[in-house]
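Participant: Pasting a structure here, questions to come.
The values are calculated or read from the model by the stated rules, or taken from the named source; none is laboratory data. Quick caveat: nothing in here was measured; it's all calculated off a predicted structure. FYI the Cβ positions are ideal-geometry reconstructions off the backbone, even for glycines, and counts take in every protein chain you see. Please note that ligands, DNA and RNA were not included when accessible areas were found on the heavy atoms of the full protein model with its side chains. Shrake-Rupley method; radii C 1.70, N 1.55, O 1.52, S 1.80 Å.
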Amino acid sequence: MASSSSSSSRPSQAPRQHPPHGRSAFSYLSRSIDGQPPSGLSVRSKAPAASRRSVTPNSRTRPNGDDASVSTTEPARVRVAVRLRPRNTEDLLSDADFADCVELQPELKKLKLKKNNWSSESYRFDEVFSESASQRRVYEVVAKPVIESVLNGYNGTVMAYGQTGTGKTYTLGRLGKDEASERGIMVRAMEDIISSTSPASDSIEVSYLQLYLEAVQDLLAPEKINIPIVDDPKTGEVTLPGAVVVKIRDLHHFLQLLQTGEANRHAANTKINTESSRSHAILMVNIRRSVHEEENDTPIQENNSGKDFSNSVGIPIIRKSKLLIVDLAGSERLDKSGSEGYLIEEAKFINLSLTSLGKCINALAENSPHIPTRDSKLTRLLRDSFGGSVRTSLIITIGPSSRHYAETTSTIMFGQRAMKVVNMVKLKEEFDYESLCRKLENQVEHLTVEIDREQKLRDNDRIEMERKLKECQKSFAETEKCLVTRSEFLEKENVRLETEMKDTLKELNCLKDQNDYMQGEAARLEMNLIHSKQYQLESSSYQKVLADTTQMYEKKIAELMKQLEEEQIHSERAEKQLDGMEKLLNDHKKSMQQQYQMESSMYQKALADTTQMYERKIAELNQQLDDKHACFEISEELEKTKKLLSDHQKLNQLQGKKEIDEVRMKLQESHRLHQKAANELEFIKSEYKVLLTEKAKLMDELNAARKNLLIEEKQRKAVESELLKLKKLAPENEEDFEDKRSYMKENISQPLSSHKSNQSRETILGQRATIAKICEEVGLEKILQLLASGDIDVQIHAVKVVANLAAEDINQTKIVEEGGLDALLMLLRSSQNTTILRVASGAIANLAMNEMNQFLIMSKGGAQLLANIASRTDDPQTLRMVAGAIANLCGNEKLHASLREDGAVKALLGIVQSGNSDVIAQVARGIANFAKCESRGIIQGHRRGRSVLVEDGMLTWLIANSNTASASSRRHIELALCHLAQNDDNARDIISSGGVKELERISVESTREDIRSLAKKILRLSPTFSAETHADR
């Protein structure tokens, strides 16, 4: 059963099963898709329950006596695929407000069943078809492997299961008259069978039945309504003796029979499906094929004496197989289908037979001792399809509608349980003794004549041979005398040569010892020369880095000075602007006050003039009032004048108020402008203070930078002096090497001068400290950015700095986090420069000392890049760095499989061809690390089988170079041989390649006490090696 999406554990895989001939995408899905092995093997036979469930791959049943049939069995799990029906009109109308309850993941062969928006379960099947999957693809994946198996002599079943209206009959029985692409599995299967058989020697017979109301009816002869089901007592197979069997001539004939059967099949109209099948349809195809001689050897020839005899005498073989294509009626619920009357009775029988089938599947999946196959005629007919000897493929059909969630769940669970059922498929072949008898009679007559002729020839040959025998005896006696005299002479010559050979061997051993000593001395001198050259290169790189850093700081100081001057100019401009703003504000104040005074004086003067004018007029009117004659008119004019005077005063007051308000508004506006200018003045003052503080900081930074430059200049001079010392210490020509060789011969047991070693160590530490300080000043991120520079020299210096930083454990994590590993791998991938490749490989070798970095290097394809570089470069130093990086990766047992897949292990064997002793030492170290991890896995019990190194041919190289390599390489080679010898599965290869003698030599001559002890322990504890050593003695 497929695990739910919430489960986190990863189940084990099912055993792999191989089909006999037909191989396709579906037949190769032999691993259990749901991640669990089948719970029980279900072989329907007369054997007890325990033996029926036993899984025995490659089991064979041999013919006994004169039995005319041969059968071979192998396990095969029921393959289950799921197909989703597209949404129809009813689904679109009724489920408009609901989402689909099924989500397919065809690429993962999974589907997700959603109960609601927050709850779902995932299931895995052998294949998942979406609503757009074609009929051809469904046939190719589900049915074609079964058809190919049937053509090879195995029985097969293809069955469709699901709710009514989900497309079972469309998938299996679609005729496709108008459109060939719409043809179902039945038509396509028969088309393949007819095209793969020969009418002259093969035969195809068809029966088409339906199970209706628990009665077997013949669809090709509707009058046969209750055909009995009979179990063959000899073979145990289920037969239907009353069914009509029609021999197929061609595909058109089959289509006519299929159309006749479909017309006689019971169907009805329900709410769910307008053409709902009311019966289970079963198409039975019986195939009888003759096996040709070239095909006769493949299926059942191993460990079969009867079959070998049949092949030798040429017995014709006939294969008989049967194919069942079952279109099950759909399960339904009465409340949803709306069945009434007689349809209810049909639904009861359909659901009853499907329930019985489900019980059988459950019992087989749970490894139950009792399988209730006799509860229904459907389960009796399908007894061999589930738990029997038939290769079975099941396709379950479901709909997307959430209204049928319960039915969809039931269908999916049925398919999950069916995936646990394992059948024991059988191949049955029969011998055609009649044709064999006729053939043998002809052969007997021919052989009788041949025997008479041979007898005559034999008599003549016997007389001739007797004559020749006498002649040979004479010549033999003469030859024997000559050989005796010759052998005596050769024995004397052999004794003389043996004495000469012993003397020569002694001389060779002396020369060999002298040669080894000279090679060791030469290797040491070469290493000293290489180290001195490396120091020179590194010192030149450090000088260039210091020069670049000095230039960078000078540029930075110039920029800071320029910024400081610009800030000073900006502050002066701000002060000038501030003074101008204050002057403008004072001028504006004065002008506003003057304007206000002038306007107020004008208004006062105009008011005084008006008042005087009216006073004069009043005086005139008062004078006229004294006149007696014009009294009445004067009084009226006086009233009018008073009225005009009051109106004029009011008007003047209003105008005065307006003008005063306008002046007041102007004063407020000027006050607001004054406040704004004051605020801007304060802001400019604060900015000026900030600029002054920044100026002080910049001056401090400038002074600090100058101090740093002075310090770095001193350090650069110190490095240059160290380089001069190294140059003086390094040999300049071959005469110096010869002098040192003679000195080392005299003092071979004494170590090198401690003063020089301490001095070189202090130099290296000083250089690393300088690089660390440069990294702190410049920043690791900028240095890593220089790796992508277009200038080769810049890239070389940058990658050297990174490589030196990577030599320190404290820097490795930071380099990886800042993207240094990705940058180094990009250089290996894109650069063609030998120096860059060498230094980048060395940096990766340093990073590979950390276990976490090892997994990152492997995940980013680092091992494959290193292997590619090893194949396309001849530079010994680059090969040494590459071999060192791979050797560090070989120390992690979890990476061994990936290293072998990426070609890193084979790359080590290819690197050896360079012949450089340093390169060979790194290769030997990598092989020793690999072998050590393997031996640890063997001792801990989580690894078995031959060593990967032995399979890749490393053992031969180790044995060939165990006594000829340099001292450092020899130590690693001896250690690798000891670790390989701890694996008993490698014993035969070690013995055949002469490795036991090398182990004996290592146990006596190795310079390391621990290696000698390990070799002695292996020779003592291993019974295989002990027996070999005793046999040699």
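Participant: Quick check: convex hull over the Cα atoms of region 441-554, volume per residue in Å³, rounded to an integer?
Facilitator: On the way: hull volume 35.5 nm³, N = 114.
Spread over its residues, the Cα hull of region 441-554 gives 311 Å³ apiece.
Participant: While we're here: Dipole size in debye (nearest 20) for region 374-416 around its Cα centre, Lys and Arg Cβ +1, Asp and Glu Cβ -1? Numbers along the way, then the final one.
Facilitator: Numbers: 6 positive and 3 negative charges, 36 e Å.
Here the size comes out at about 180 debye.
Participant: Go through Lys377/Lys426; Lys512/Lys533; Lys533/Lys555 and tell me which ones have a Cα-Cα distance over 29 Å in this structure. Mind dumping the intermediate values first?
Facilitator: On the way: Lys377/Lys426 24 Å; Lys512/Lys533 31 Å; Lys533/Lys555 33 Å.
From the list (Lys377/Lys426; Lys512/Lys533; Lys533/Lys555), the Cα-Cα distance tops 29 Å for Lys512/Lys533; Lys533/Lys555.
Participant: Right, something else. Can you list residues from other chains, or at least 5 along the same chain, whose modelled amide H is less than 5 Å from the amide H of Val102?
Facilitator: Amide H neighbours of Val102, under 5 Å, 5+ apart: Lys114.
Participant: Once Lys and Arg get +1 and Asp and Glu get -1 on their Cβ, which of Asn351, Ser321, Leu334 lies farthest toward the positive end of the dipole of region 319-360?
Facilitator: Result: Ser321.
Participant: Report, in debye and to the nearest 20, how large the dipole of region 900-1007 comes out about its Cα centre when Lys and Arg carry +1 and Asp and Glu carry -1 on their Cβ.
Facilitator: Details: 13 positive and 13 negative charges, 32 e Å.
In debye, rounded to 20, region 900-1007 gives about 160.
Participant: Using only protein heavy atoms and a 1.4 Å probe, report how much of Met826 is accessible, in Å² to the nearest 10.
Facilitator: Near enough 100 Å² of accessible area.
Participant: Also: Kindly write out, for region 371-379 in residue order, the coupling ³J(HN,Hα) from the Karplus curve 6.51 cos²θ - 1.76 cosθ + 1.60 (θ = phi - 60°), rounded to whole Hz, with x marking Gly and Pro.
Facilitator: 10, x, 6, 8, 6, 8, 5, 5, 5
Participant: What does region 487-593 give for Rg and for Dmax, in Å, if only its C-alpha atoms count?
Facilitator: Calculated on Cα positions, Rg and Dmax stand at 45.4, 152 Å.
Participant: Keeping every protein chain in place, order Ile227, Ile920 by accessible area at 1.4 Å, biggest value first, i.e. largest first. Before the final figure, lay out the partial values.
Facilitator: On the way: Ile227 5, Ile920 30 Å².
My answer, sorted largest first, is Ile920, Ile227.
Participant: When only the heavy atoms of the protein chains count and the probe is 1.4 Å, how do Cys933, Cys482 rank by accessible area, highest first? Provide the component values of the computation, followed by the final result.
Facilitator: Numbers: Cys933 5, Cys482 85 Å².
Accessible-area ranking of Cys933, Cys482, largest first: Cys482, Cys933.
Participant: Show log10 I(q)/I(0) for region 965-1033 at q = 0.25 Å⁻¹, two decimals, from a solvent-free Debye sum over equal Cα scatterers.
Facilitator: Here log10 of I(q) over I(0) equals -1.13.
Participant: Considering the Cα positions of region 383-498, please state its Rg to one decimal place and its Dmax as a whole number of Å.
Facilitator: Cα radius of gyration and Dmax of region 383-498 are 39.6, 107 Å respectively.
Participant: Ok, one more. Just name one of Ile959, Ser1026, Ile990: the one whose Cα is farthest towards the positive end of the charge dipole of region 908-1026 (beta-carbon charges, Lys/Arg +1, Asp/Glu -1).
Facilitator: Farthest along the dipole direction, towards plus: Ser1026.
Participant: In what order, largest first, do Ile530, Ile711 sit by accessible area if the probe radius is 1.4 Å?
Facilitator: Ile711, Ile530
Participant: Exceeding 32 Å between C-alpha atoms, which entries from my cross-link table qualify? They are Lys906/Lys1016; Lys695/Lys814; Lys110/Lys271. Spell out each step's value before the answer.
Facilitator: Values: Lys906/Lys1016 30 Å; Lys695/Lys814 34 Å; Lys110/Lys271 30 Å.
Too far apart for the 32 Å limit: Lys695/Lys814.
Participant: Pop out the carbon and sulfur fraction of the accessible area of region 69-193 as a percent, whole number, probe 1.4 Å.
Facilitator: Details: 2240 of 4960 Å².
C and S atoms contribute 45 percent here.
Participant: Setting aside same-chain residues fewer than 8 positions from Lys643, which lysines have a Cα under 25 Å from its Cα?
Facilitator: Lys605, Lys617, Lys628, Lys657, Lys658
Participant: Tell me, what does the Kirkwood hydrodynamic radius of region 397-465 come to in angstroms if you use every pair of distinct C-alpha atoms?
Facilitator: On the way: mean 1/r = 0.0517 Å⁻¹.
Value: 19.3 Å, from the Cα pair sum.
Participant: Now for a separate question. Average projected area of the Cα convex hull of region 892-942, in nm²? Please report the intermediate quantities before stating the final value.
Facilitator: Numbers: hull surface 14.3 nm².
Mean projected area for region 892-942: 3.6 nm², to one decimal.
Participant: While we're here: Taking the solvent-accessible surface of protein heavy atoms with a 1.4 Å probe, what is the per residue accessible area of region 135-216 in Å²? Before the final figure, lay out each step's value.
Facilitator: Numbers: 2550 Å² over 82 residues.
Ligands and nucleic acids excluded, the figure is 31 Å² per residue.
Participant: Return the tail of the calculated pair distribution for region 230-283, meaning the percent of Cα-Cα pairs more than 12 Å apart.
Facilitator: Numbers: 1091 of 1431 pairs.
More than 12 Å apart: 76 percent of the Cα pairs in region 230-283.
Participant: While we're looking at this one, here's another question. Sorted by packing (mean other beta-carbon atoms within 10 Å per residue), highest first, where do 354-360, 367-373 land? Walk me through the numbers before you get to the answer.
Facilitator: On the way: 354-360: 19.6, 367-373: 15.4.
Highest to lowest by the protection proxy: 354-360, 367-373.
Participant: Each residue of region 872-878 in order: what ³J(HN,Hα) in whole Hz does its phi give by Karplus 6.51 cos²θ - 1.76 cosθ + 1.60, θ = phi - 60°, with x for Gly and Pro?
Facilitator: 10, 10, 10, 5, x, 5, 5
Participant: Can you tell me the mean projection area, over all orientations, of the convex hull of region 460-503's alpha carbons? Units nm², please. Please list the in-between numbers first.
Facilitator: Details: hull surface 16.4 nm².
Computed as one quarter of the Cα hull surface, the answer is 4.1 nm².
Participant: If r is the Cβ-Cβ distance from Asp335 to Arg944 and R0 is 51 Å, what FRET efficiency results, to the nearest 0.05?
Facilitator: On the way: r = 60 Å, r/R0 = 1.17.
That pair, Asp335 with Arg944, gives E of 0.30.
Participant: From the phi of every residue in region 701-706, what ³J(HN,Hα) in whole Hz does the Karplus formula 6.51 cos²θ - 1.76 cosθ + 1.60 yield, where θ is phi - 60° and glycine or proline is x?
Facilitator: Working through the residues one at a time gives 4, 5, 5, 5, 4, 5 Hz.
Participant: Now, a different point. Could you pull the Cα extents of region 870-954 along its three principal axes, largest to smallest, in whole Å?
Facilitator: The principal-axis extents, from largest down, are 41, 19, 18 Å.
Participant: Roughly what % of Cα-Cα distances in region 67-217 sit above 19 Å, to the whole percent? Each step should come with its number before you reach the end.
Facilitator: Values: 7441 of 11325 pairs.
Here the tail beyond 19 Å accounts for 66 percent of pairs.
Participant: Under a point-charge model restricted to the Cβ atoms of Lys and Arg (+1) and Asp and Glu (-1), what is the dipole moment magnitude of region 94-198 relative to its Cα centre, in debye to the nearest 20? If you can, show how the numbers build up before the last one.
Facilitator: On the way: 14 positive and 16 negative charges, 47 e Å.
The dipole of region 94-198 has a size of about 220 debye.
Participant: Further question on the same structure: Using only the Cα atoms of region 115-169, construct the convex hull and provide its projected area averaged over every direction, in square nanometres to one decimal. Mind showing how you got there, number by number?
Facilitator: On the way: hull surface 22.2 nm².
Convex hull of Cα atoms, orientation-averaged projection: 5.5 nm².
Participant: Taking Rh as the Kirkwood radius, which is the inverse of the mean 1/r over Cα pairs, what is the Rg/Rh value for region 788-943?
Facilitator: On the way: Rg = 15.0 Å, Rh = 15.5 Å.
Value, to two decimals: 0.97.
Participant: Right, next: Using a probe radius of 1.4 Å on heavy atoms only, what accessible surface per residue do you get for region 366-424? Whole Å² is fine.
Facilitator: Working: 1630 Å² over 59 residues.
Each residue of region 366-424 exposes 28 Å² on average to a 1.4 Å probe.
Participant: Per residue Cα convex hull volume for region 806-895, in cubic angstrom?
Facilitator: Working: hull volume 7.3 nm³, N = 90.
Output value, Cα hull per residue: 82 Å³.
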